[in-house]
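Below is one structure, written out as structure tokens; comments come after it.
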Ligand SMILES: Cc1ncc(C[n+]2csc(CCOP(=O)(O)OP(=O)(O)O)c2C)c(N)n1
Ligand code: SF4
Ligand code: SF4
Ligand code: SF4
């Protein structure tokens, strides 16, 4: 069992922050939905390093990201199923 | 490959892979993207097997955002961890033999200038500290002495990460590694001083603690290399496996090492400074020529 990052879109959506999108080591993994104004995670790309958690808690001070065991993720977004552009549409 | 050199026949765009369409329609191939826009455009690196939480992965990711003309760039690398991600980028990647990256890049840059006189091709060497300071050292130095116009980026994790933890010339004195059990005997090589002595036009030392600064530094190095001469970036990109850094603490480590001994520094020759102040820094967005 492994864990992935899970962003609370209600907390994040109230911030206009975007900081974790710049620090995740993986490309195309933390995406940003500009309509809802929230970051969200492509669970199939997340490697579970928890760097984003430290960025959100300590730098951004929003505590919007928690690690979740992959089997507890509900409706996790998978970028491989839709591709990038559609993903932004899908998530809205 | 330049979008001017390879054009899709009108009407066939929609049959190309989704990834290509995303990159060309609205991605980093049409215009220079900013770090602040990350997450809102398709990035050029696909899935790859580098370790979770690797700072080198983050640095490579930022490099692909920062390059001033992605479609006209060629990356030269070699054995080592970085190539695992670099080889999954939508930019031509030349896998040099361990040791010859800067010789390959020298010939490549000159050849591209002859073959594509109307396009500005950016050649960027990106390889590990072992690849550039140890086995590739002679080729790095001679490319600098010859004033070859390309950028060299050292992904300095201070160890041979890919082969399980041997010391490199860039490892700190005294460090005990899996395959250096008595601790390293010599000092860390001062490649910044060597670059200055060899006449490198722009030199920067940076850690990945400030993504915008990393991106600005890379862009600056590539633009100065086009016009003035060789440029060198030395980036602290910790190996969390060989240095046993728990991944949630990788950025804390980067901040500590930066504060302690890897602070941001940059150096220009007079010619590079004059070019940058008068021309380079005023250039905005993607610069093809
Ligand atoms: C000529 C040659 N010698 C040795 C090797 C084996 N080898 C592959 S990767 C590597 C170490 C890479 O270390 P470094 O360049 O510091 O990159 P890192 O993996 O740490 O990113 C070595 C010795 C090789 N591929 N070619
Ligand atoms: S750091 Fe936190 S608040 Fe900021 S974008 Fe990421 S999840 Fe949202
Ligand atoms: S846990 Fe690591 S890989 Fe996953 S989203 Fe956060 S920073 Fe990215
Ligand atoms: S071995 Fe070290 S440098 Fe290589 S990918 Fe893993 S963490 Fe990164």
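The table that follows gives values for the structure above.
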read-out: Qualifying residues in region B:94-105 (those that are under 16 Å from residue B:162 (Cβ atoms) and crowded, with 18+ Cβ neighbours inside 10 Å) - the one nearest to ligand 1 (Cβ to nearest atom); value: B:99
read-out: Filter result for residue B:196 (in contact with a helix residue (DSSP H, G or I) (Cβ under 8 Å, 6 or more places away or on another chain) and modelled with pLDDT of 95 or more); value: no
read-out: Where residue A:25 falls short, out of the listed (1) more than 12 Å from the chain's Cα centre (by Cα); (2) within 16 Å of ligand 4 (Cβ to nearest atom); (3) touching a residue at least 40 places away in the same chain (Cβ under 8 Å); value: (3)
read-out: Residue in region A:1-37 that is farthest from residue B:207 (Cα to Cα), counting only those that are within 7 Å of ligand 2 (Cβ to nearest atom) and either more than 7 Å from chain B (Cβ to nearest Cβ) or modelled with pLDDT under 95 (or both); value: A:11
read-out: Some residue of region A:49-57 being touching a residue at least 24 places away in the same chain (Cβ under 8 Å), more than 9 Å from ligand 2 (Cβ to nearest atom), within 10 Å of chain B (Cβ to nearest Cβ) and within 21 Å of residue B:27 (Cβ to Cβ); value: no
read-out: Where residue B:69 falls short, out of the listed (1) away from ligand 3 (no atom under 16 Å from the Cβ); (2) within 30 Å of residue A:39 (Cβ to Cβ); (3) at pLDDT 95 or above; value: (3)
read-out: Of all residues making up region B:50-79, the number that are more than 9 Å from chain A (Cβ to nearest Cβ) and part of a loop (DSSP other than H, G, I, E, B); value: 5
read-out: Residue B:49 vs. criteria more than 29 Å from residue B:162 (Cα to Cα) and in contact with a helix residue (DSSP H, G or I) (Cβ under 8 Å, 6 or more places away or on another chain); value: no
read-out: Residue under evaluation residue B:188, criteria (1) in a loop (DSSP other than H, G, I, E, B); (2) under 14 Å from residue B:151 (Cα atoms), criterion not met; value: (2)
read-out: Sole exception among (1) under 28 Å from residue B:252 (Cβ atoms); (2) crowded, with 22+ Cβ neighbours inside 10 Å; (3) more than 18 Å from the chain's Cα centre (by Cα) for residue B:59, by number; value: (3)
read-out: Test: residue in region B:163-171 that is farther than 20 Å from residue B:227 by Cα, touching a strand residue (DSSP E or B) at 6+ places or on another chain (Cβ under 6 Å), at pLDDT below 95 and more than 16 Å from ligand 3 (Cβ to nearest atom); value: no
read-out: Number of the condition not met by residue A:81 [criteria: (1) surrounded by 22 or more Cβ atoms within 10 Å (Cβ to Cβ); (2) more than 15 Å from ligand 2 (Cβ to nearest atom)]; value: (1)
read-out: Tabulated pairs, region B:24-48, first more than 17 Å from residue B:218 (Cβ to Cβ) and more than 7 Å from chain A (Cβ to nearest Cβ), second outside any loop (DSSP other than H, G, I, E, B) and at pLDDT 95 or above, C-beta under 7 angstrom, 6+ apart or interchain; value: B:48/B:84; B:48/B:85
read-out: Single residue of region B:237-270 satisfying the filter (farther than 16 Å from residue B:158 by Cβ and within 16 Å of ligand 4 (Cβ to nearest atom)) that is surrounded by the most Cβ atoms within 10 Å (Cβ to Cβ); value: B:251
read-out: The lone exception for residue A:50 - which of (1) in contact with a helix residue (DSSP H, G or I) (Cβ under 8 Å, 6 or more places away or on another chain); (2) more than 12 Å from ligand 3 (Cβ to nearest atom) it fails; value: (2)
read-out: Unique match (being part of a helix (DSSP H, G or I) and surrounded by fewer than 18 Cβ atoms within 10 Å (Cβ to Cβ)) among B:216, B:147; value: B:216
read-out: Flag if residue A:64 is farther than 19 Å from residue B:52 by Cα, more than 9 Å from ligand 3 (Cβ to nearest atom), surrounded by 16 or more Cβ atoms within 10 Å (Cβ to Cβ) and at pLDDT 95 or above; value: yes
read-out: Residues of region B:115-144 classified as closer than 21 Å to residue B:60 by Cβ, part of a loop (DSSP other than H, G, I, E, B) and in contact (Cβ under 8 Å) with a residue 40 or more places away in the chain, total; value: 2
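Yes/no per residue for (1) within 16 Å of ligand 1 (Cβ to nearest atom); (2) crowded, with 20+ Cβ neighbours inside 10 Å; (3) without any contact (Cβ under 8 Å) to a residue 12 or more places away in the chain:
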position	(1), (2), (3)
B:212	no, no, no
B:221	no, yes, no
B:226	no, yes, no
B:235	yes, yes, no
B:272	no, yes, no
B:277	no, no, yes
B:283	no, no, no
B:287	no, no, no
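The values are calculated or read from the model by the stated rules, or taken from the named source; none is laboratory data. None of these values were measured; they are calculated from a predicted model. Neighbour counts are summed over all protein chains in view; Cβ atoms, including those assigned to glycine, are modelled from backbone coordinates with ideal geometry.
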